[in-house]
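The values are calculated or read from the model by the stated rules, or taken from the named source; none is laboratory data. Fair warning: this is a prediction, and the values are worked out from it, not measured in the lab. Cβ atoms come from the backbone with ideal geometry, glycine included; neighbour counts cover every protein chain shown. We work out accessible area using only protein heavy atoms, side chains counted, and drop any ligands, DNA or RNA first. Shrake-Rupley method; radii C 1.70, N 1.55, O 1.52, S 1.80 Å.
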Amino acid sequence: MVKIDCGKCIGCGLCAADCLALNIEVKEGKAVVKEECLQCGHCVAVCPANAVSIPEYDMDDVEEYQADSFHLDPGTVLRAIKFRRSIRSFQEKDVSRESLELLAQAGRYTATAVNNQGSYFVFVKENLDELKDRVWSFIDRIEERDEGGTASDLMPYIRFNRRRKADPRDDYLFRNAPVVLFITSDWPLDAGLAAQNIENLAVSLGLGALYNGYLARIVQEDEDVKEWLGIEGKTIKACMLLGYPARKYIRTAPRKEPNIIWR
């Protein structure tokens, strides 16, 4: 529940004007909360007098705006986007827990539909070998169960598994990445937005990422693996391989002209 400190409130009305749910009004020179709301925090962020709080959240985590430390040069941002590459070859180098915790914060602060904040971020590093064993065993069972009648959308996994068995270094699903991240969400866009923010921060840490739809798809099929991951009953909407790139890209890749419609 949003709380207004009447001793600090100056009655400017900014919180009321910015309230998505029209849940705040100004009465007798003070802001008043009418009822429960989405707790999006806009009122906290916009208040010039720091008079608004949401006790259900950790208010010590709220940061004050500092103009001199918040400038993003447009050219630098665009270059970072243009130099972004999907990483399919990773160094045999550990990714620290500290770095992963920063990535989790990037996901946590990403916008979500109706402020649901319901995404789960599952980082698999310490138990990655067990995850691999579980996934490949599930694929083995698919092939044994169907005896040649595997659904067409699952056939690639059979081929990946046969390649891996022929050469253990040919790990198409995991690509020897040191970390796998699964993101669950009831809203597809939530997971995608979070993944993009996580990747941007990962690049700033010297890491690279690969969005792995194949791995997301097969893990989503296996409820036993999802239970092991702690996300039983939830839907995996994004999966990323994370690690330090084994190759250095020295220029941007060419792209087609953009499809733009101006009206």
**Complete:** segment 106-122 and segment 75-102 have their Cα centres apart by a whole-number Å value of 21
**Message:** Just to be sure I understand the model, the point goes 7 Å from the Cα along the line to the Cβ. What's the resulting Asn200 to Thr235 distance in nm?
**Reply:** 2.5
**Request:** Please give the length that would be gained between Val46 and Tyr214 if that part of the chain were fully extended, namely 0.36 nm times their separation in residues minus their C-alpha to C-alpha distance (nm, one decimal).
**Result:** 56.3 nm
**Complete:** In the list (1) 43, 23, 17; (2) 34, 25, 18; (3) 25, 22, 19, the entry giving semi-axes √(5λ) of the Cα gyration tensor in Å computed from the coordinates is (1)
**Asked** For the chain, what is the calculated [θ] at 222 nm in deg cm²/dmol (nearest 500), taking -39500 (n - 2.57) for each run of four or more DSSP H residues and dividing by its residue count?
**Response** -11000 deg cm²/dmol
**Prompt:** Can you give the longest stretch of the chain with no exposed loop site, where a site means GluC sites (Glu not before Pro) in a DSSP loop (not H, G, I, E or B) with at most 12 other C-beta atoms within 10 Å?
**Reply:** 148-231
**Prompt:** If you take every DSSP beta bridge whose two residues both sit in the chain, what share of them, in percent to the nearest 5, is antiparallel?
**Reply:** 95
**Request:** Report, to the nearest whole %, how much of the accessible area of the chain belongs to carbon and sulfur atoms, 1.4 Å probe, protein only.
**Result:** 51
**Request:** Kindly state, to the nearest 0.05, the FRET efficiency for Asp129 paired with Trp187, given R0 = 35 Å and r defined as their beta-carbon distance.
**Result:** 0.65
**Request:** With everything on Cα atoms, drop me the angle between helix 128-146 and the longest principal axis of the chain, reported from 0 to 90° to the nearest 10.
**Result:** 60
**Message:** What do you get for the angle between helix 97-108 and the principal long axis of the chain? Use alpha-carbon atoms, 0 to 90 degrees, nearest ten.
**Reply:** 60
**Message:** Loop by DSSP (not H, G, I, E, B), at most 14 other beta-carbon atoms within 10 Å: where is the longest site-free stretch of the chain for chymotrypsin sites (Phe, Trp or Tyr not before Pro)?
**Reply:** 110-248
**Request:** Please work out the FRET efficiency for the pair Asn176 and Lys256, using the Cβ-Cβ distance as r and a Förster radius of 30 Å; give the result to the nearest 0.05.
**Result:** 0.45
**Asked** What size of dipole, in debye to the nearest 20, comes out for the chain about its Cα centre when the only charges are +1 on Lys and Arg C-beta atoms and -1 on Asp and Glu C-beta atoms?
**Response** 1540
**Asked** Taking the Cα centre of segment 170-231 as the origin and placing charges on Cβ (Lys, Arg +1; Asp, Glu -1), which of Gln220, Asn197, Gly230 is farthest toward the positive end of the dipole?
**Response** Asn197
**Request:** Towards the positive end of the charge dipole of the chain, with charges on Cβ (+1 Lys, Arg; -1 Asp, Glu), say which of Ala31, Cys9, Leu241 has the farthest Cα.
**Result:** Leu241
**Message:** What's the whole-number percent of alpha carbon pairs in segment 70-172 lying beyond 17 angstrom?
**Reply:** 73
**Message:** Going by amide H atoms built from the backbone, whose H comes under 5 Å of the H on Ala31, apart from near neighbours?
**Reply:** Gly11
**Item:** Cα→Cβ-extended label distance, 7 Å offset, between Lys248 and Glu92, nm
**Value:** 2.1
**Asked** Fully extended, how many nm does the chain gain between Asp60 and Glu101 (0.36 nm per residue separation, minus their Cα-Cα distance)?
**Response** 13.0 nm
**Message:** I'd like the orientation of helix 155-166 relative to the chain: the angle between its Cα long axis and the longest Cα principal axis, in ° from 0 to 90, rounded to 10.
**Reply:** 60
**Message:** Give me the percent relative contact order of the chain, please, defined on Cα pairs under 8 angstrom at least 6 residues apart.
**Reply:** 21
**Item:** Tyr109-Arg79 pseudo-label distance in nm [points 7 Å out on the Cα-to-Cβ vector]
**Value:** 2.3
